[in-house]
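See structure below.
The values are calculated or read from the model by the stated rules, or taken from the named source; none is laboratory data. Computed from a predicted structure; not experimentally measured. Heads up, the Cβs are rebuilt from the backbone with ideal geometry, glycines too, and the neighbour counts pull from every protein chain shown. Surface areas here come from the heavy atoms of the whole protein model, side chains and all, with no ligands, DNA or RNA. Shrake-Rupley method; radii C 1.70, N 1.55, O 1.52, S 1.80 Å.
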Amino acid sequence: MTARPMPGVKGVLFDLDGTLFDHRSAADAAIIGWVTAHSPGHPRLDEVCALWAGLEAVYLAMWQAGECTVQEQRRRRLSALCRELAVPVPGDLDAAYADFGERYRQGWIAYPDAAGAVAELGGFALGVLTNGVQQMQEAKIRAIGLTGAVGPVLTGETLGGHFKPSPASYTGAAAALGLAPEQVLLVGDDVGNDVTGPAATGMRSVWLDRLGVEPPPAGFPRITSLAELPRLLH
């Protein structure tokens, strides 16, 4: 669906990973580097990125559901990858994950269209609604130079344990901007969390389709770059 102007929007919520911040590139480079360091020449290295992304989704969901701590999900995720690749599980999983984490931080960058799009939204209440770990997501915003430009960073940890796609995450985020859900537009790359999920609360949404690898969700507007966002709102 072609994106059309949206009158009545007073606030914009951005997803972070995959929207403002290039999480996938940083995570892929980090896990390839980690596996290469721990198992040089591994025959399944070309599968590692997809395996890690799949495990990330599974174990982060466990943490978001309250089934384990964030540190425990990291241990479980790294252990699961090692077992899948038949690599010895490190004795100190916290230290091993810290190694991955440092490699990940070295790759932290914003998408090239992020800062410009945010700068053009003067007059709108802005915020970030993300399912990541509060402390880390705030650190990402600082690292990519958007502190103070995108408003509050809102996660399930600050929204009463409600993560996307829980309706309470959207209503809570809108309230944090001082607005009703129908006055807010959510922009993100995840169809379930950022596009169809908000609709249950009356919040509007735009799908950021950077890769063009999924069919568009019926009835929702789609943009391919954040550079298209300001034109949608002015």
Completion exercise
Counted residues in the stretch 27-51 being among the acidic types (Asp, Glu) and closer than 12 Å to ALA86 by Cβ come to 0
Exercise for the section: Look through LEU159, LEU186 and report the one residue that is open to solvent by less than 60 Å² (accessible area, probe 1.4 Å) and in contact (Cβ under 8 Å) with a residue 40 or more places away in the chain. Expected result: LEU186
Fill in the blank from the handout: When (1) in contact with a Pro (Cβ under 7 Å, 6 or more places away or on another chain); (2) open to solvent by 40 Å² or more (accessible area, probe 1.4 Å); (3) among the β-branched types (Val, Ile, Thr); (4) closer than 21 Å to HIS23 by Cα are applied to THR171, the one that fails is (4)
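Residues checked against (1) closer than 20 Å to GLY18 by Cβ; (2) touching a Ser or Thr at 6+ places or on another chain (Cβ under 7 Å):
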{"site": "GLU120", "(1), (2)": "no, no"}
{"site": "ALA139", "(1), (2)": "yes, no"}
{"site": "VAL150", "(1), (2)": "yes, no"}
{"site": "LEU177", "(1), (2)": "no, no"}
{"site": "LEU186", "(1), (2)": "yes, yes"}
{"site": "ALA218", "(1), (2)": "no, no"}
{"site": "ALA227", "(1), (2)": "yes, no"}
Fill in the blank from the handout: Given the conditions (1) open to solvent by less than 20 Å² (accessible area, probe 1.4 Å); (2) small (Gly, Ala, Ser); (3) without any contact (Cβ under 8 Å) to a residue 60 or more places away in the chain, every one holds for GLY127 apart from (3)
Handout entry: Single match in ALA149, ALA176 (criterion: more than 18 Å from VAL118 (Cα to Cα) and surrounded by fewer than 23 Cβ atoms within 10 Å (Cβ to Cβ))
Key = ALA176
Exercise for the section: Answer yes or no: is there a residue in the stretch 18-29 that is without any contact (Cβ under 8 Å) to a residue 24 or more places away in the chain, open to solvent by 70 Å² or more (accessible area, probe 1.4 Å) and either of a type in the set (A, V, I, L, M, F, W, C) or outside any loop (DSSP other than H, G, I, E, B) (or both). Expected result: no
Problem - In the stretch 7-17, residue nearest to THR147 (Cα to Cα) [restricted to those that are within 18 Å of the chain's Cα centre (by Cα) and outside any strand (DSSP E or B)] - result: LEU16
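Results for (1) touching an Asp or Glu at 6+ places or on another chain (Cβ under 8 Å); (2) buried (at least 17 other Cβ atoms within 10 Å of the Cβ), shown as yes or no for each residue.
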site	(1), (2)
ASP194	yes, yes
PRO198	no, yes
ARG204	yes, yes
ASP209	yes, yes
GLY212	no, no
PRO217	no, yes
PRO221	no, yes
LEU226	yes, yes
ARG231	no, no
Exercise for the section: Please list, ordered by first then second residue, the pairs with beta carbon atoms under 7 Å, 6 or more apart or interchain, first in the stretch 41-53 and in a helix (DSSP H, G or I), second open to solvent by 70 Å² or more (accessible area, probe 1.4 Å). Expected result: LEU51/GLU84
Problem - Tally, over the stretch 34-81, of residues that are crowded, with 18+ Cβ neighbours inside 10 Å and more than 23 Å from GLY132 (Cβ to Cβ) - result: 0
Practice task
Can you tell me which residue among ALA86, ALA125, ALA95, ALA114 is more than 27 Å from TRP34 (Cβ to Cβ) and out of contact with any Cys (no Cβ under 7 Å at 6 or more places or on another chain)?
Solution key: ALA125
Practice task
Just give me the residues in the stretch 58-87 being free of Cβ contacts under 8 Å to residues at least 24 places away in the same chain and outside any helix (DSSP H, G or I), in sequence order.
Solution key: ALA65, GLU67, CYS68, THR69, ALA86
Handout entry: Candidate set from the stretch 82-110 (those that are open to solvent by 50 Å² or more (accessible area, probe 1.4 Å) and of a type in the set (A, V, I, L, M)); member that is nearest to the chain's Cα centre (by Cα)
Key = ILE109
